[in-house]
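A.B. asks: There's a structure below that I have some questions on.
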Amino acid sequence: MAGAIIENMSTKKLCIVGGILLVFQVIAFLVGGLIAPSPTTAVPYMSVKCIDVRKNHHKAKWLMPWGHNQCEKLKDFEEAVSRQIEANDIVFAVHVPLPSKEMSPWFQFMLFIMQLDIAFKMDNDLKDNAEVTLDVSLAYRDDVVEEWHEIAHAIEIRKLKCTFGSPKTLESEGRHYDCDFLPFMEMGSVAHKYYLINIRLPVNERKGINVGIGEIKDIRLVGIHQNGGFTKVWFAMKTFLTPSILIIMVWYWRRITLMTRAPVLLEKVIFALGISMTFINIPVEWFSIGFDWTWMLLFGDIRQGIFYAMLLSFWIIFCGEHMMDQNERNRLSGYWKQVGPIAVGSFCLFIFDMCERGVQLKNPFYSIWTTEVGTELAMAFIIVAGICLCLYFLFLCFMVFQVFRNISGKQSSLPAMSKARRLHYEGLIFRFKFLMLITLACAAMTVIFFIVSQVTEGHWKWGDLTIQVNSAFFTGIYGMWNLYVFALMFLYAPSHKNYGEDQSNGDLGVSSGEELQLTTTITHVDGPTEVYKLARKEAQE
């Protein structure tokens, strides 16, 4: 009777812990849905065609589309032909942001895509697999009367992928091709108030540069940046979650060091998972408000990659430590077949990211997808990483199947076991089922909210209440995985309390084989984990 009462109390405690975590999870979603604005904003820009008159001793190197010291403009290319202005003397100028606005470090990054307005002409048709060569320059300033300072200059090539929906006849002249957007520029910081982009389309018939690209009428850019309001909410969440995970990590490791045994592999992996989560949480982004740290996007990718690698490794090792057989698995080398694909896949994605965003630290106009060699190299890295991911999930599914098969075999023989061995296996079975449940719930919520954020318009409106779905996705999922790691360290921390002399090996009559089995997993004679205590409280008989 006493055992049943204690077990009911422990189950109640587990429900209370789960309820508290659920409340925090709901708050994480509501913070993004009700407080934060949309994560990003897209701003369209139409380039202004300027005449480059530097050959006539013009002092300005940079051509401004409007405002003080603006350039001499062209209305269209017909005017250029009538004035005998060559294509090499035409510059497409774009000022970021639009008039009477300023950029802010709270925008965090800038991503630009380009669309070319190409008209069909019989005598200047667009060739198959045509490539456009861009001579692009980027400059900044922080005052409207200040001189422009160059950030980057590059000669870039972009492949044109266009279709024409009408027959190519004289009647169709002047109609525009339907062209795909082209990657143009990406910057990992927005440290200045004003930016200026100058684009030239140099023509060299002898070298075949910008020949057979049709008649380009205009260049349009779409600039995407993070909303400042969302950035502030995101920084606030990171600032709140960092000490939360740090405190539970210190508490968790202190519990382990108080044990009379050395930490087992699973405990080390859970602690490493907490470190990787803390690495993501540390709000170093606050410094990007005052410093021009263009490497923040690359740094963020590396932090996420480390966390995902640790999370995948934890799932494998957790399953292995709950196999409930006689194999010794308390060594990382025992999981090389399963962890190997994680390491190879992570390395491939890291190299891909370095080839893309690493190069963009020096040249923001660079894209690995713009050349055949770069595209093949990128696809090779992604395919290898995809194969490794598939192998990993095959190994994981096989191990989960083995654990459930062993569970069904052990459950039928539990009544005939000694108390120590029975409690040991009950703890293993409950721990595994409990973690599988919350893991599947977290994965399902991630997938569901990702799909919802992709198929909706970005927000839901209920009367006067507007819910930002995309913001809720980011803050909710980010908070969820933090709670996942928090719950792991809290519920699977070993206990340092003394549970009485009746738990010693001699009093319980545990054989040498049983003692060996008790030392291969986290449920040890020094004390059960928190989740074990909450679910299977041992009654003192």
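The values are calculated or read from the model by the stated rules, or taken from the named source; none is laboratory data. Remember, predicted model here, so these are calculated numbers, not experimental data. No Cβ is skipped: glycine too gets one built from the backbone with ideal geometry, and neighbour counts run over all protein chains shown. Note: accessible area is taken over every heavy atom of the protein model, side chains too, but ligands, DNA and RNA are not part of it. Shrake-Rupley method; radii C 1.70, N 1.55, O 1.52, S 1.80 Å.
A.B. asks: Can you tell me which of E267, E285 is modelled with pLDDT under 95, closer than 21 Å to G479 by Cα, among the acidic types (D, E) and in the same structural domain as E356 (by the TED database)? Explain how you work it out, then say what you get.
C.D. replies: Working: E267 fails: closer than 21 Å to G479 by Cα.
Going through E267, E285 in turn, the sole match is E285.
A.B. asks: A further question on this structure: Residues that are open to solvent by 80 Å² or more (accessible area, probe 1.4 Å) and outside any helix (DSSP H, G or I): does the range 85-94 have at least one? Explain how you work it out, then say what you get.
C.D. replies: Going residue by residue through the range 85-94, those that are open to solvent by 80 Å² or more (accessible area, probe 1.4 Å) are 86.
Restricting the remaining residues to those that are outside any helix (DSSP H, G or I) gives 86.
Yes: the range 85-94 contains one or more residues that are open to solvent by 80 Å² or more (accessible area, probe 1.4 Å) and outside any helix (DSSP H, G or I).
A.B. asks: Given the structure, is L98 closer than 19 Å to W293 by Cβ and either under 30 Å from the mean Cα position of the chain (by Cα) or touching a residue at least 40 places away in the same chain (Cβ under 8 Å) (or both)? Step through it out loud before you land on a result.
C.D. replies: On the way: closer than 19 Å to W293 by Cβ: no; either under 30 Å from the mean Cα position of the chain (by Cα) or touching a residue at least 40 places away in the same chain (Cβ under 8 Å) (or both): yes.
In short, no.
A.B. asks: Give the range 452-474 a look and list any residue that's at pLDDT 75 or above and open to solvent by 80 Å² or more (accessible area, probe 1.4 Å), or say none.
C.D. replies: F474
Here is a yes/no grid of residues against (1) within 22 Å of H176 (Cα to Cα); (2) at pLDDT 85 or above; (3) in contact with a Pro (Cβ under 6 Å, 6 or more places away or on another chain); (4) not assigned by the TED database to the domain that holds C50:
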position: N69; (1), (2), (3), (4): no, no, no, no
position: E79; (1), (2), (3), (4): yes, no, no, no
position: L98; (1), (2), (3), (4): no, yes, no, no
position: S104; (1), (2), (3), (4): no, yes, no, no
position: N124; (1), (2), (3), (4): yes, no, no, no
position: L134; (1), (2), (3), (4): yes, yes, no, no
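A.B. asks: What are the residues in the range 407-420 that are open to solvent by 40 Å² or more (accessible area, probe 1.4 Å) and touching a residue at least 60 places away in the same chain (Cβ under 8 Å), if any?
C.D. replies: K410, K419
A.B. asks: Here is a further query. Residue check: is K61 under 42 Å from the mean Cα position of the chain (by Cα), at pLDDT below 85 and assigned to a loop (DSSP other than H, G, I, E, B)? First the steps, then the outcome.
C.D. replies: Numbers: under 42 Å from the mean Cα position of the chain (by Cα): yes; at pLDDT below 85: yes; assigned to a loop (DSSP other than H, G, I, E, B): yes.
Here the answer is yes, as K61 does meet what is asked.
A.B. asks: Shifting gears a bit: State whether one or more residues within the range 282-302 are closer than 23 Å to M489 by Cβ and surrounded by 20 or more Cβ atoms within 10 Å (Cβ to Cβ).
C.D. replies: no
A.B. asks: Among what's in the range 166-189 and is among the hydroxyl-bearing types (S, T, Y) and touching a helix residue (DSSP H, G or I) at 6+ places or on another chain (Cβ under 9 Å), pick the residue that is surrounded by the fewest Cβ atoms within 10 Å (Cβ to Cβ).
C.D. replies: At the first step, the residues of the range 166-189 found to be among the hydroxyl-bearing types (S, T, Y) are 166, 169, 172, 177, 189.
Cutting the leftovers down to touching a helix residue (DSSP H, G or I) at 6+ places or on another chain (Cβ under 9 Å) gives us 166, 189.
Numbers: S166: 9, S189: 19.
So, considering only residues that are among the hydroxyl-bearing types (S, T, Y) and touching a helix residue (DSSP H, G or I) at 6+ places or on another chain (Cβ under 9 Å), the one surrounded by the fewest Cβ atoms within 10 Å (Cβ to Cβ) is S166.
A.B. asks: Quick test for you: out of R206, R200, R175, R255, pick the one residue that is in the same structural domain as I280 (by the TED database) and at pLDDT below 95.
C.D. replies: On the way: R206 fails: in the same structural domain as I280 (by the TED database); R200 fails: in the same structural domain as I280 (by the TED database); R175 fails: in the same structural domain as I280 (by the TED database).
Step by step, each of R206, R200, R175, R255 is checked, and only R255 is in the same structural domain as I280 (by the TED database) and at pLDDT below 95.
A.B. asks: Now a separate question. Out of I155, I199, I113, report the one residue that is open to solvent by 30 Å² or more (accessible area, probe 1.4 Å), closer than 30 Å to H68 by Cα and in contact with a Phe, Trp or Tyr (Cβ under 6 Å, 6 or more places away or on another chain). Break it down stepwise before answering.
C.D. replies: Values: I155 fails: in contact with a Phe, Trp or Tyr (Cβ under 6 Å, 6 or more places away or on another chain); I199 fails: open to solvent by 30 Å² or more (accessible area, probe 1.4 Å).
Selected residue: I113, the only one of I155, I199, I113 that is open to solvent by 30 Å² or more (accessible area, probe 1.4 Å), closer than 30 Å to H68 by Cα and in contact with a Phe, Trp or Tyr (Cβ under 6 Å, 6 or more places away or on another chain).
A.B. asks: Residues being part of a helix (DSSP H, G or I) and open to solvent by 60 Å² or more (accessible area, probe 1.4 Å): count how many of those fall in the range 360-383. Give the steps one after another, and end with the answer.
C.D. replies: Looking only at the range 360-383, we keep the residues that are part of a helix (DSSP H, G or I), and these are 360, 368-370, 372-383.
Filter once more, so that each one left must be open to solvent by 60 Å² or more (accessible area, probe 1.4 Å): 369, 372-373, 376-377, 379, 382-383.
Summing the residues that are part of a helix (DSSP H, G or I) and open to solvent by 60 Å² or more (accessible area, probe 1.4 Å) in the range 360-383 gives 8.
A.B. asks: Of these, Y335, Y308, which one is closer than 24 Å to L391 by Cα, in the same structural domain as A385 (by the TED database), open to solvent by 30 Å² or more (accessible area, probe 1.4 Å) and without any contact (Cβ under 8 Å) to a residue 40 or more places away in the chain?
C.D. replies: Numbers: Y335 fails: open to solvent by 30 Å² or more (accessible area, probe 1.4 Å).
Just a single option satisfies the conditions, and that option is Y308.
A.B. asks: Before we move on, is I438 in contact (Cβ under 8 Å) with a residue 12 or more places away in the chain and open to solvent by less than 60 Å² (accessible area, probe 1.4 Å)? Step through it out loud before you land on a result.
C.D. replies: On the way: in contact (Cβ under 8 Å) with a residue 12 or more places away in the chain: yes; open to solvent by less than 60 Å² (accessible area, probe 1.4 Å): yes.
The answer is yes for I438.
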